[in-house]
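Student: Sharing a structure below in structure tokens format, with a few things to ask.
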Amino acid sequence: MGPPVQLPNHFPPAHSIPNLPGKSGWLRQPRPALLLALLTGALAILGATVMAQVPTHLTIPQPGGVPGLPVMTGIERTSNGVSLTWYGPAGYYQLYQKLGLGNAAWQTVGGLNFSNRATLTGLRSNAFFRVACASPKYTGSQTCTECHAPIHDPQVLTPHAAAFTGSRFISLGGQTNSSCLPCHTVGAGVPTGFVNLSKTPKLAGVQCENCHGPAAVHAANPEDPTMVPRVELAAALCGGCHNAAFVPSSVAAYHPPRYEEWNTSEHRAVDAVVAAKFATNSASIQTCGACHSGTVREALTEDQPLPGAAEAAAVGIACATCHDAHSLYTHTNVLAGVVTNVLANFTFTNSVLGRIYTNQIPSPFASFQPYHTTGAFATNYNPEINLCAQCHNDRGASPADTDFPPHPSGQYNLLLGAVGVIPPGEPTNQPATHAFLEKQCAACHMQTSAYVSPSQPAVSGHSFEMASFNVCATCHGSAVTAMNLASFLEFDINMQVQTVNASLNSWALTKAPVALRTKYGTRAWEYSTPGSLSPGGPGPTAAEQTAPAVPLAIKQARHNLYLVVNDGSHGVHNPLYCLDLLNYANALVQQELHK
Ligand code: HEC
Ligand code: HEC
Ligand code: HEC
Ligand code: HEC
Ligand code: HEC
Ligand code: HEC
Ligand code: HEC
Ligand code: HEC
Ligand code: HEC
């Protein structure tokens, strides 16, 4: 939070604000009580001191990426005033307000402000705000080469750099159509931004300054700490362009709704339970944030200091968490034979492999190496593992665990049939045939379809849901057959889950040590924090699970049981293996019941 910007004393006291509408209505009402506006203009920076501020994130997508001029992103009523947030390029801001329409003059509010927010106390209902910053100065990515060559060189090989010169873009007349330029060039419509190919040839295509804001002043004065360009991880950055709603309907076919779909997925934000944990347990910022927070994961992969709790909770699994905007890494699929993982200056000569993925993804789609993230991130991180499995892995869940059932993230390990307790003599790796799909998780969870009509828009796969059975048809005959198979399997799995659960309950009531039985009833077999099968209260503590002992066989059975339940695919990830895990779990409990 920035320091509150104090209002000059001649401003009316807070109690004179009549009829402030509810917070949610403020931005959308046709005649809001507080209007938001913005203005540019050169501002002299008069010796203001730089305050160490974490800038707020871009929360509302802006066509073109980081806006060249500041935009108001939020206005919220506080107990005695109003809190404003804005977002824009690096530099100082000046906040203005005007009390009433008419001829009232714009008045500065506070001094030059380096932060992206202000809290004002004492306001009238008819106040208008605008925020200004120094006029933007764009320069083009060529200027950045000198100092950022390791980023510049591979970046120019991405489709971004060619966004203005694609043959389809040209044939659609995009180069001269002002409604196309904001997302296919740098700074179109903004001072010093793209005008046309002959006047501003260096600003064609998507470049550094789309994602980092105008940076000519920084390039000329790299030592100036106030002009260090934005590094934005929030999805709204990419969502400013990868957004079907911002595009003329005539070209909807080329613009799948990636941001919109992502925004419906669970990846869109940090889980509320996890966010609360960040605030109360700072160790969790690292341990849970590695998979749950975009900002934490970024800090870990780049070996930077970890963010604080608020910043850790601010960004979920965003575009830049999965995609490598600079394309420093390029991967071909391991299933095609080889994994290529090459640093800067790599040119795409790997076509001999038959398949090239240039989609700015730092890890392959598929891998077969067992992977569990436990302990220190640095020793565990392995970009050669399937992108999704970076997080969707079992975290080293073990039958010896006493506190929690396996985390609901074991999909990769189950797909490979490499987690859980199996009957002696069976192989320790039993990958599903489904693991051999060329794109593994993405094959089923990121199915796409092309644009047909406004009522049948493109599907980009970025909801990450198993939203269609079409992919199954190649092997199972038809989508409908596969869907039916999946529901038979779900029925089967549920039956088995109930059987194992009932056996465990029966063990708890008849065979568990008396102390546990009396204290916990059917929960005597459970973890200290029981899983979804045993609602209603805690289970035995770690000490109680050791003495009086819960037998190893019971611990193994509950481990298998919850691996399958918490995986969430009702067996589809590895049908035969999941059934095997449950059968063996039941056998283990039966053995204890008949002791
Ligand atoms: C003359 C050298 C130089 C040039 C040219 C230059 N930069 Fe930088 N850039 C730096 C230095 C040095 C830093 C580190 C500044 C700091 O952290 O205080 C930096 C930092 C950055 C950062 C922030 C990095 C972070 O971790 O916060 C971004 C983004 C960036 N530059 C983008 C650009 C872009 C875009 C251009 C071209 C328009 C550019 N730079 C041109 C030297 C340069
Ligand atoms: C200024 C607008 C803009 C921003 C901001 C932007 N993109 Fe793009 N992106 C484009 C355009 C335009 C293309 C299509 C280029 C082409 O194929 O001609 C594209 C293409 C891509 C592609 C390649 C698609 C392909 O077919 O291979 C990926 C991946 C991508 N963007 C990811 C991102 C991510 C991740 C971010 C945020 C970090 C982002 N983009 C931000 C405009 C943008
Ligand atoms: C809101 C930003 C935005 C606007 C406005 C926009 N585009 Fe795009 N365009 C993109 C992005 C982002 C992509 C990459 C699509 C993706 O996610 O795969 C793209 C991709 C394309 C592609 C596919 C690239 C290729 O080489 O096949 C074409 C063609 C295209 N745009 C044409 C246009 C035209 C013509 C207009 C204007 C009528 C336009 N776009 C307006 C953002 C935009
Ligand atoms: C499509 C959006 C996009 C484009 C284009 C882009 N960047 Fe970035 N940049 C990002 C994102 C997102 C991050 C933070 C995540 C990361 O480091 O990958 C970042 C991080 C950085 C950093 C911080 C340190 C680092 O190495 O990660 C620098 C410096 C930087 N970019 C410079 C540049 C330069 C120079 C260019 C142009 C040659 C450029 N970027 C093009 C999105 C972009
Ligand atoms: C190895 C990566 C990873 C780590 C580390 C991790 N999680 Fe998760 N977590 C996931 C994934 C992936 C999911 C989503 C699985 C699903 O919903 O099927 C998830 C789901 C959750 C959920 C939602 C469960 C639900 O039923 O919706 C909570 C709560 C959660 N994790 C808490 C935590 C806490 C607390 C920590 C730290 C102690 C943590 N996680 C550490 C990967 C991880
Ligand atoms: C959880 C990881 C993940 C997140 C988050 C994510 N993507 Fe993707 N994205 C992927 C994968 C994986 C693919 C490739 C899918 C395929 O080829 O089947 C992809 C494909 C794409 C492509 C097309 C690339 C190509 O070569 O055709 C674009 C463009 C893109 N994503 C943009 C975005 C944007 C914009 C966001 C944020 C709104 C985003 N992605 C969020 C994983 C992710
Ligand atoms: C950086 C870590 C990370 C990566 C990479 C990642 N996920 Fe996730 N995923 C999560 C977390 C954390 C959650 C749970 C979010 C929550 O509950 O708030 C989740 C949730 C999901 C869910 C929703 C689960 C539910 O219970 O509804 C699906 C489906 C999913 N991810 C699929 C994928 C796929 C497919 C990929 C690869 C393309 C992928 N994820 C990559 C961390 C990740
Ligand atoms: C053969 C297709 C297929 C493959 C491959 C696949 N999944 Fe799934 N997945 C499914 C199906 C079907 C479901 C059940 C979906 C449902 O019930 O909505 C599912 C469920 C999930 C869920 C739980 C979703 C929820 O709503 O609770 C997550 C998370 C998930 N998968 C992640 C992954 C990851 C990560 C991978 C790769 C390691 C993967 N899946 C591979 C088909 C697949
Ligand atoms: C690459 C071919 C292939 C694809 C694609 C595929 N499957 Fe399978 N599936 C198999 C094979 C082979 C088996 C037999 C079990 C095994 O080998 O793991 C199987 C088994 C199953 C089973 C267990 C029932 C049985 O007959 O044994 C279900 C349910 C299932 N698949 C559902 C799906 C669904 C749903 C999809 C799409 C999301 C899908 N499959 C995609 C090959 C495939």
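Student: For region 190-305, how big is Rg over Rh, using alpha carbon atoms and the Kirkwood form of Rh?
Tutor: Here the Rg-to-Rh quotient is 1.07.
Student: Specify the inter-centroid distance of region 509-540 and region 137-164, based on alpha-carbon positions, in whole Å.
Tutor: Taking the Cα centre of each part, region 509-540 and region 137-164 sit 60 Å apart.
Student: Further, regarding this structure: Using alpha-carbon pairs under 8 Å, 6+ residues apart, how would you state the relative contact order of region 141-232 in percent?
Tutor: With pairs under 8 Å counted, the relative contact order is 24 percent.
Student: Then there's this: Need one number: the % of Cα-Cα pairs in region 470-593 sitting beyond the 25 Å mark.
Tutor: Percentage above 25 Å: 31.
Student: Separate question: If you average the alpha carbon positions of region 227-288 and of region 55-70, how far apart do those two centres end up, in angstrom?
Tutor: Between the Cα centre of region 227-288 and that of region 55-70, the gap is 13 Å.
Student: What is the sum of charges around S409, taking Lys and Arg as +1, Asp and Glu as -1, for the other residues whose C-beta is under 13 Å from the C-beta of S409?
Tutor: Net charge in that neighbourhood comes out at -3.
No lab work stands behind these numbers, since they all come straight from the coordinates. Bear in mind the structure is a predicted one, so any value in this text is a computation, not a measurement. For neighbour counting, all protein chains shown are included, and Cβ atoms are generated from backbone atoms with ideal geometry for every residue, glycine included.
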